[in-house]
Amino acid sequence: MMSGSLSALGTASRTARTAKLDRVLPATPDEVWRAWTEPDRLPHWFGPVLKGIPGPDVEYVLEGRGEHGDTIVCRVLVWEPATRLRVTWRYTGEAESELRLDLSPTDDGGTRLLLEHVGFGPEADPVDYAAGWHMYTDNLEAHLAGTPGLADSDARWMELMPVYAASAD
(Lines give C-alpha, C1' and ligand atoms only; values in the text may rest on other atoms or scores of the structure.)
Protein backbone atom coordinates (compact mmCIF):
# COMPACT_ATOMS: atom_id res chain seq x y z
CA MET A 1 0.00 0.00 0.00
CA MET A 2 1.19 3.52 -0.82
CA SER A 3 2.48 5.45 2.18
CA GLY A 4 1.43 8.85 0.81
CA SER A 5 -1.67 10.36 -0.70
CA LEU A 6 -2.73 9.39 -4.19
CA SER A 7 -5.14 12.32 -4.33
CA ALA A 8 -2.23 14.45 -5.51
CA LEU A 9 -1.15 12.05 -8.25
CA GLY A 10 0.16 13.90 -11.28
CA THR A 11 0.59 12.75 -14.86
CA ALA A 12 3.42 11.60 -17.07
CA SER A 13 3.32 11.57 -20.84
CA ARG A 14 6.00 9.77 -22.81
CA THR A 15 4.28 10.96 -25.99
CA ALA A 16 4.18 14.67 -25.08
CA ARG A 17 7.45 14.34 -23.07
CA THR A 18 5.94 16.00 -19.97
CA ALA A 19 5.44 15.47 -16.25
CA LYS A 20 2.73 17.46 -14.43
CA LEU A 21 1.56 17.88 -10.85
CA ASP A 22 -1.25 19.94 -9.34
CA ARG A 23 -0.89 20.16 -5.57
CA VAL A 24 -2.34 22.32 -2.80
CA LEU A 25 0.30 23.17 -0.20
CA PRO A 26 -0.19 24.32 3.42
CA ALA A 27 1.51 27.71 3.08
CA THR A 28 1.07 31.07 1.38
CA PRO A 29 2.42 31.62 -2.15
CA ASP A 30 5.22 33.74 -0.66
CA GLU A 31 6.27 30.92 1.68
CA VAL A 32 6.16 28.37 -1.16
CA TRP A 33 8.18 30.72 -3.38
CA ARG A 34 10.85 31.11 -0.70
CA ALA A 35 11.05 27.32 -0.27
CA TRP A 36 11.73 26.99 -4.02
CA THR A 37 14.19 29.87 -4.34
CA GLU A 38 16.15 30.35 -1.11
CA PRO A 39 19.40 28.37 -0.89
CA ASP A 40 19.00 27.79 2.86
CA ARG A 41 15.51 26.28 2.39
CA LEU A 42 16.03 24.06 -0.68
CA PRO A 43 18.09 21.42 1.20
CA HIS A 44 15.18 20.79 3.58
CA TRP A 45 13.05 19.27 0.83
CA PHE A 46 15.04 19.00 -2.42
CA GLY A 47 18.80 19.33 -2.15
CA PRO A 48 21.58 21.87 -1.78
CA VAL A 49 22.46 24.72 -4.12
CA LEU A 50 26.07 24.05 -5.13
CA LYS A 51 26.72 27.24 -7.09
CA GLY A 52 24.94 30.56 -7.57
CA ILE A 53 21.82 31.92 -5.93
CA PRO A 54 18.45 31.59 -7.68
CA GLY A 55 17.29 34.96 -8.99
CA PRO A 56 16.24 36.79 -12.17
CA ASP A 57 18.38 35.88 -15.20
CA VAL A 58 20.72 33.77 -13.05
CA GLU A 59 22.27 30.36 -13.61
CA TYR A 60 22.61 28.16 -10.53
CA VAL A 61 23.54 24.53 -9.87
CA LEU A 62 21.69 22.06 -7.66
CA GLU A 63 22.90 18.74 -6.32
CA GLY A 64 21.22 15.90 -8.20
CA ARG A 65 19.78 12.64 -6.94
CA GLY A 66 22.01 9.66 -6.86
CA GLU A 67 25.46 8.80 -5.68
CA HIS A 68 27.54 9.83 -8.68
CA GLY A 69 27.92 13.56 -8.13
CA ASP A 70 25.13 14.40 -10.57
CA THR A 71 24.19 18.05 -10.86
CA ILE A 72 21.31 20.08 -12.25
CA VAL A 73 22.17 23.31 -14.04
CA CYS A 74 19.25 25.75 -13.97
CA ARG A 75 18.93 29.06 -15.79
CA VAL A 76 16.10 31.35 -14.70
CA LEU A 77 13.86 32.35 -17.61
CA VAL A 78 10.91 33.89 -15.71
CA TRP A 79 11.08 35.23 -12.15
CA GLU A 80 7.76 36.55 -10.83
CA PRO A 81 7.95 36.23 -7.03
CA ALA A 82 5.16 34.24 -5.38
CA THR A 83 3.51 33.72 -8.78
CA ARG A 84 5.58 32.16 -11.57
CA LEU A 85 9.00 30.58 -12.03
CA ARG A 86 10.44 29.12 -15.23
CA VAL A 87 13.91 27.59 -15.40
CA THR A 88 15.86 25.54 -17.86
CA TRP A 89 16.79 22.20 -16.31
CA ARG A 90 19.87 20.26 -17.41
CA TYR A 91 20.49 17.12 -15.37
CA THR A 92 23.86 15.40 -15.80
CA GLY A 93 23.79 13.32 -19.01
CA GLU A 94 20.44 14.71 -20.21
CA ALA A 95 19.36 17.33 -22.71
CA GLU A 96 17.99 20.61 -21.43
CA SER A 97 14.30 20.66 -20.46
CA GLU A 98 12.12 23.32 -18.83
CA LEU A 99 10.54 23.40 -15.39
CA ARG A 100 7.46 25.61 -15.02
CA LEU A 101 5.90 26.52 -11.68
CA ASP A 102 2.71 28.52 -11.19
CA LEU A 103 1.56 29.50 -7.70
CA SER A 104 -1.86 30.83 -6.76
CA PRO A 105 -3.50 31.42 -3.36
CA THR A 106 -6.31 29.18 -2.17
CA ASP A 107 -9.31 30.35 -0.16
CA ASP A 108 -7.98 28.63 2.98
CA GLY A 109 -4.59 30.40 3.00
CA GLY A 110 -2.71 27.69 1.15
CA THR A 111 -1.16 27.64 -2.30
CA ARG A 112 -2.04 25.77 -5.44
CA LEU A 113 1.19 24.64 -7.11
CA LEU A 114 0.98 23.75 -10.79
CA LEU A 115 4.24 22.10 -11.78
CA GLU A 116 4.92 21.23 -15.39
CA HIS A 117 8.24 19.80 -16.55
CA VAL A 118 8.40 19.82 -20.36
CA GLY A 119 10.70 19.17 -23.29
CA PHE A 120 12.47 16.03 -22.12
CA GLY A 121 15.00 14.56 -24.51
CA PRO A 122 14.90 10.88 -25.50
CA GLU A 123 17.32 9.92 -22.70
CA ALA A 124 14.95 11.15 -19.95
CA ASP A 125 11.80 9.30 -18.91
CA PRO A 126 8.89 11.58 -17.94
CA VAL A 127 7.67 8.78 -15.63
CA ASP A 128 10.89 9.07 -13.60
CA TYR A 129 10.39 12.81 -13.34
CA ALA A 130 6.68 12.61 -12.44
CA ALA A 131 7.44 10.15 -9.63
CA GLY A 132 10.39 12.27 -8.55
CA TRP A 133 8.44 15.52 -8.48
CA HIS A 134 5.65 13.77 -6.57
CA MET A 135 8.17 12.58 -3.99
CA TYR A 136 9.82 16.01 -3.77
CA THR A 137 6.49 17.79 -3.36
CA ASP A 138 5.67 15.33 -0.55
CA ASN A 139 8.89 16.56 1.11
CA LEU A 140 8.04 20.19 0.29
CA GLU A 141 4.59 19.81 1.84
CA ALA A 142 6.12 18.38 5.02
CA HIS A 143 8.73 21.17 5.14
CA LEU A 144 6.06 23.86 4.77
CA ALA A 145 3.94 22.21 7.47
CA GLY A 146 6.94 22.10 9.82
CA THR A 147 6.99 18.31 9.98
CA PRO A 148 9.79 15.88 9.06
CA GLY A 149 10.05 14.92 5.41
CA LEU A 150 10.23 11.38 4.11
CA ALA A 151 12.62 9.16 6.02
CA ASP A 152 13.40 7.27 2.81
CA SER A 153 12.83 9.37 -0.31
CA ASP A 154 14.25 6.64 -2.56
CA ALA A 155 11.70 4.13 -1.26
CA ARG A 156 8.88 6.61 -1.91
CA TRP A 157 10.18 7.25 -5.44
CA MET A 158 10.36 3.49 -6.12
CA GLU A 159 6.82 3.10 -4.76
CA LEU A 160 5.53 5.82 -7.10
CA MET A 161 7.33 4.67 -10.27
CA PRO A 162 4.97 1.80 -11.17
CA VAL A 163 1.92 3.95 -10.39
CA TYR A 164 3.04 6.65 -12.82
CA ALA A 165 4.22 4.07 -15.39
CA ALA A 166 0.81 2.38 -15.37
CA SER A 167 -0.99 5.64 -16.12
CA ALA A 168 1.50 7.13 -18.60
CA ASP A 169 0.74 7.32 -22.30
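The number of residues in the stretch 101-115 that are under 22 Å from Leu160 (Cα atoms) and surrounded by fewer than 19 Cβ atoms within 10 Å (Cβ to Cβ) comes to 2. Among the residues of the stretch 143-152, the one identified as part of a helix (DSSP H, G or I) and surrounded by fewer than 17 Cβ atoms within 10 Å (Cβ to Cβ) is Ala145.
In the stretch 56-78, how many residues are at positive phi and in contact with a helix residue (DSSP H, G or I) (Cβ under 8 Å, 6 or more places away or on another chain)? It would help to see each step written out before you state the result.
First pass over the stretch 56-78, keeping only residues at positive phi: 57, 66, 69.
Of the ones still in play, those that are also in contact with a helix residue (DSSP H, G or I) (Cβ under 8 Å, 6 or more places away or on another chain) are none.
Final tally of qualifying residues: 0.
Here the stretch 8-20 is the region considered, the condition is being surrounded by fewer than 20 Cβ atoms within 10 Å (Cβ to Cβ) and aliphatic (A, V, I, L, M), and the residue that is farthest from the chain's Cα centre (by Cα) is Ala16.
Could you count how many residues in the stretch 88-116 are touching a Gly at 6+ places or on another chain (Cβ under 7 Å) and in a strand (DSSP E or B)? Break it down stepwise before answering.
Filtering the stretch 88-116 for residues touching a Gly at 6+ places or on another chain (Cβ under 7 Å) gives 91-92, 94-95, 97-98.
Retained after the next criterion (residues that are in a strand (DSSP E or B)): 91, 97-98.
Residues meeting the conditions: 3.
Ala165 falls short on exactly one of the conditions (1) assigned to a helix (DSSP H, G or I); (2) over 26 Å from Thr88 (Cα atoms), and that condition is (2). Within the stretch 20-66, the set of residues being of a type in the set (Val, Ile, Thr) and not in a strand (DSSP E or B) comprises Thr28, Val32, Thr37, Ile53, Val58.
Taking (1) in contact with a Gly (Cβ under 8 Å, 6 or more places away or on another chain); (2) buried (at least 16 other Cβ atoms within 10 Å of the Cβ) in turn, Val58 satisfies each apart from (2).
Cβ-Cβ contacts under 8 Å between residues 6 or more apart (or on different chains), taken from a first residue in the stretch 1-19 that is on the phi > 0 side of the Ramachandran plot and at pLDDT 95 or above to a second residue that is part of a loop (DSSP other than H, G, I, E, B) and among the aromatic types (Phe, Trp, Tyr), are listed as Arg17/Phe120.
Scanning the stretch 119-138 for residues that are in contact with a Leu (Cβ under 8 Å, 6 or more places away or on another chain) and among the aliphatic types (A, V, I, L, M) yields a total of 3. Selection of first residues in the stretch 67-89 that are farther than 23 Å from Asp30 by Cβ and of second residues that are polar (S, T, N, Q), restricted to Cβ pairs under 6 Å at least 6 apart or on distinct chains, gives the following pairs, ordered by first then second residue: Asp70/Thr92; Thr71/Thr92; Arg75/Thr88; Trp89/Ser97. Hey, could you check the stretch 102-115 for residues that are in contact (Cβ under 8 Å) with a residue 40 or more places away in the chain and over 23 Å from Gly149 (Cβ atoms) and say which is farthest from the chain's Cα centre (by Cα)? Taking the candidates together, the pick is Pro105.
The values are calculated or read from the model by the stated rules, or taken from the named source; none is laboratory data. What you see is a predicted model, and the numbers here were worked out from it, not measured in a lab. Positions of Cβ are backbone-derived with ideal geometry, glycine not excepted, and every protein chain shown enters the neighbour counts.
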